[in-house]
1. Give the Cα extents of chain A along the principal axes, in whole Å, largest first.
2. What are the ³J(HN,Hα) couplings of the range A:102-109, residue after residue, when phi is run through the Karplus curve with 6.51, -1.76, 1.60 and θ = phi - 60°? Round to Hz, x for glycine and proline.
3. When ligands, DNA and RNA are left out and all protein chains stay put, how many square angstrom of accessible area per residue does the range B:9-144 have with a 1.4 Å probe?
4. If you filter the range A:24-124 for chymotrypsin sites (Phe, Trp or Tyr not before Pro), then keep DSSP loop positions with at most 16 other Cβ within 10 Å, what is left?
5. Treat each spin label as a single point 7 Å out from the Cα along the C-beta direction, and report the B:Asp111 to A:Glu97 distance in nm.
6. Which aspartates and glutamates have a Cα less than 18 Å from the Cα of B:Lys120, not counting those fewer than 8 places away in the same chain?
7. Could you give me the percent of Cα pairs per 5 Å distance bin for the range B:62-144, shortest bin first, beginning at zero and ending with the bin that holds the maximum distance?
8. Could you tell me the relative contact order of the range B:12-105? Use alpha-carbon pairs under 8 Å, at least six residues apart, and round to a whole percent.
Amino acid sequence: MGLKRDVSLSTGLRYRGPAGYLTFILHRIGGLGMGIFITLHILASFVGGRFGGAINGIYENWAFQIFIFFCVMFHAINGLRITILDLFPKLLDYQTEAIWIEWAVFIPLYGISVFVILQTALGG
Amino acid sequence: MTKKSRTLSIKGRGLTNFESIMWLFTRLSALAMYALILFGLIGALVMGARNNMNFADVMRWAFMPNVTHVQSTDLESTDAWVTPFWKLIASALLLVATAHGVHGLVVIADDYIASEGGRKFVRLLSIIMMASMSFMGLWIIWTS
Ligand code: HEM
């Protein structure tokens, strides 16, 4: 177990890495967002009743869908980039290029998704 | 060093302890989730999602092929969507995602919690979370 790494909480929060920091922090926010959402969603569905219904009602809201879709799509697409580069370490030399490709995939896909979600929610 | 450590091959790194095996598990589980989600997506399209569902419904099914996720759609019958086959796919996705997600939360916590006692406590919590989420998820999948 990695129990001996020595960083304090404040140092950890202040850390700003070099290139790739944006994708790193968005990946973390996405993973955390999904983790919290899925935990609450399973709990709510398990207990059911009025409490469960109230929690699960939040998830039908289009604003929430736009947020969680950002978490899911960014985490999945960035995760695929990490996976491919890590499993074929020679490609790590092209990390910057890979991140550009990643944005070129993510922005249109997420843009279309937001558009469709809004169209369904507001256009009826 | 002739070879940059960053680009060292997977074999050359020596995956010896639990944390580094989980490093590999995180990546392999990512690929497994991709496969399962694409499978759910294709399955939904084959079962006729194009005529009876909107985009959000299809995605909800793909990310967790449980019948409750398509109950508020225009489907005439959900018989084909509630088979043991889909329950098995849903269970596989649930277990892989729970292991990946809970371990990910431990990785995040480790970046901010430095004391040995704190890290041990995080690990205890993670085991409780892993077991209870898997149990509740399986319960929901197989009783709905
Ligand atoms: C197709 C789906 C997914 C893919 C491709 C994916 C990919 C990845 C990868 C490659 C990492 C390692 C990042 C690193 O070590 O730098 C990671 C971390 C993580 N994942 Fe996922 N993941 C997926 C789904 C999920 C789900 C459903 C959850 C939540 C339940 C989740 C939660 C996390 C968390 C919390 C981390 C740790 C983040 C960090 O260290 O900052 N992931 N994911």
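1. 50, 39, 27
2. Once rounded to whole Hz, the list reads 4, 4, 5, 7, 5, 4, x, 4.
3. Per-residue accessible area for the range B:9-144 comes out at 52 Å².
4. For chymotrypsin sites (Phe, Trp or Tyr not before Pro) across the range A:24-124 that sit outside H, G, I, E and B with at most 16 neighbouring Cβ atoms in 10 Å, the list reads A:Tyr59.
5. 2.7 nm
6. In chain and number order, the partners are A:Asp6, B:Glu19, B:Asp110, B:Asp111.
7. Once binned at 5 Å, the Cα pair distances of the range B:62-144 give 3, 14, 21, 17, 13, 10, 9, 7, 4, 2, 1, 0.
8. Once divided by the residue count of the range B:12-105, the mean separation gives 31 percent.
The values are calculated or read from the model by the stated rules, or taken from the named source; none is laboratory data. Since the model is a prediction, treat every value here as computed from it, not as a measurement. FYI the Cβ positions are ideal-geometry reconstructions off the backbone, even for glycines, and counts take in every protein chain you see. Heavy atoms of the whole protein, side chains included, go into the accessibility calculation; ligands, DNA and RNA do not. Shrake-Rupley method; radii C 1.70, N 1.55, O 1.52, S 1.80 Å.
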